[in-house]
Amino acid sequence: MFDIGVNLTSSQFSHDRDDVIARAKAAGVSGMLLTGTNRHESEESQRLAQRFAGCWSTAGVHPHDSSSWNAEVEASIRKLAQQPEVVAIGECGLDFNRNFSTPAEQEAAFSAQLALAAELSMPVFMHCRDAHARFLALLDPWLDKLPGGVLHCFTGTREEMQACIDRGLYIGITGWVCDERRGLELRELLPFIPADRLMIETDAPYLLPRDLSPKPKSRRNEPAFMAHILTQIAHWRGEEAQWLEHVTDNNVKSLFNIAF
């Protein structure tokens, strides 16, 4: 199992990162992609990926942090992207739900990172929330220049999902789908995602699966819970978990050009 979304730089892991990695490996997680969300977190994710075997990282600026994007930050991301542990540009995209950075700042940072990914021939690790139409409008001119991309932590509609699949994107599904209150619409979409377009992630320490039992006292999600998420997704898709694990692992190897 490969977890494509681990926020290992989170302060929630500051006291036990080694144990978190050990628990993940004991639970059958064979690889992890550590998420970079700004300059500092991208640098730290790369250092952690270098430290822990079976880990890789992304380098980029999340839409929430888009106001920080400038020439100096771009130079840092470009430099990081040369490191062997860094296999994607991102997390980048648009989030018009909270607008921690203005829409204009988000669009500028997203477009700049798409251009950088195209220049370096690297895949993109993307975020989109309440911004689907604008997200696609900015992405479309770059699609034929990029080796690929994944829309991580997908929570949109079937129409939005299909539009992304039609463009050759991968869809990242988290434990959100295990939420009996908010995840039912996403759960219904699962059978319509082609297996060769699906990736699975925890987005740890966030999005602890609500149907996990027993729940950890910390209420913190961990990559060790990947098996639960994978098993539930396979069940709702009507597939064998072992088969789905094999297919999604191959998707990861194909997009990020890594071996694990």
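Only one of Asp130, Asp95 is at pLDDT 95 or above and over 22 Å from Ser57 (Cα atoms); which?
Details: Asp95 fails: over 22 Å from Ser57 (Cα atoms).
Only one candidate passes the filter, namely Asp130.
Gln113 fulfils the conditions (1) more than 16 Å from the chain's Cα centre (by Cα); (2) within 26 Å of Pro223 (Cβ to Cβ); (3) of a type in the set (S, T, N, Q) except for a single criterion, (1). For region 90-146, filtering for residues that are in a strand (DSSP E or B) and open to solvent by 60 Å² or more (accessible area, probe 1.4 Å) leaves 1. Counting only residues that are under 20 Å from the mean Cα position of the chain (by Cα) and open to solvent by 50 Å² or more (accessible area, probe 1.4 Å), region 66-80 holds 1 of them.
Can you tell me which residue is least open to solvent (accessible area, probe 1.4 Å) among those in region 224-260 that are charged (D, E, K, R) and under 16 Å from the mean Cα position of the chain (by Cα)?
Once the filter is applied, the top-ranked residue is Asp249.
Determine if region 66-84 includes at least one residue that is part of a helix (DSSP H, G or I), modelled with pLDDT of 95 or more, within 16 Å of Val150 (Cβ to Cβ) and in contact with a strand residue (DSSP E or B) (Cβ under 6 Å, 6 or more places away or on another chain).
Looking only at region 66-84, we keep the residues that are part of a helix (DSSP H, G or I), and these are 66-68, 71-80.
The next check asks that each one be modelled with pLDDT of 95 or more; those that pass are 66-68, 71-80.
Checking which are within 16 Å of Val150 (Cβ to Cβ) leaves us with none.
No, region 66-84 has no match at all.
Kindly establish whether Ala24 is out of contact with any helix residue (DSSP H, G or I) (no Cβ under 9 Å at 6 or more places or on another chain), open to solvent by less than 20 Å² (accessible area, probe 1.4 Å) and in a helix (DSSP H, G or I). No; evaluated as a whole, the condition is false for this residue.
Would region 56-65 turn up any residue that is free of Cβ contacts under 8 Å to residues at least 60 places away in the same chain, aromatic (Phe, Trp, Tyr) and not in a helix (DSSP H, G or I)? Before you say what the answer is, go through the steps one by one.
Taking region 56-65 first, the residues free of Cβ contacts under 8 Å to residues at least 60 places away in the same chain are 57, 59, 61, 64-65.
This time we only want the ones that are aromatic (Phe, Trp, Tyr), so: none.
Within region 56-65, not a single residue is free of Cβ contacts under 8 Å to residues at least 60 places away in the same chain, aromatic (Phe, Trp, Tyr) and not in a helix (DSSP H, G or I).
If you go through region 147-177 and pick out every residue that is within 17 Å of Gln113 (Cβ to Cβ) and in a helix (DSSP H, G or I), you end up with 0. Across region 30-54, the qualifying residues are those that are part of a loop (DSSP other than H, G, I, E, B) and open to solvent by 10 Å² or more (accessible area, probe 1.4 Å), and the one among them that is farthest from Val252 (Cα to Cα) is Asn38.
State yes or no: is Asn221 polar (S, T, N, Q), buried (at least 16 other Cβ atoms within 10 Å of the Cβ) and either touching a helix residue (DSSP H, G or I) at 6+ places or on another chain (Cβ under 8 Å) or part of a helix (DSSP H, G or I) (or both)? For Asn221, the condition - polar (S, T, N, Q), buried (at least 16 other Cβ atoms within 10 Å of the Cβ) and either touching a helix residue (DSSP H, G or I) at 6+ places or on another chain (Cβ under 8 Å) or part of a helix (DSSP H, G or I) (or both) - is met. Which residue pairs have Cβ atoms closer than 7 Å, lie 6 or more positions apart in sequence or on different chains, and pair a first residue in region 235-249 that is small (Gly, Ala, Ser) with a second residue that is part of a helix (DSSP H, G or I)? Every condition considered, the pairs that remain are Gly238/Pro191; Ala241/Leu230; Ala241/Thr231; Ala241/Ala234.
The values are calculated or read from the model by the stated rules, or taken from the named source; none is laboratory data. On a predicted model such as this, the values are computed, not experimentally measured, just so you know. Note: ideal-geometry Cβ built from the backbone for every residue, glycine included; neighbour counts use all protein chains shown. Side chains are part of the model used for accessible areas, which takes the heavy atoms of the whole protein and leaves out ligands, DNA and RNA. Shrake-Rupley method; radii C 1.70, N 1.55, O 1.52, S 1.80 Å.
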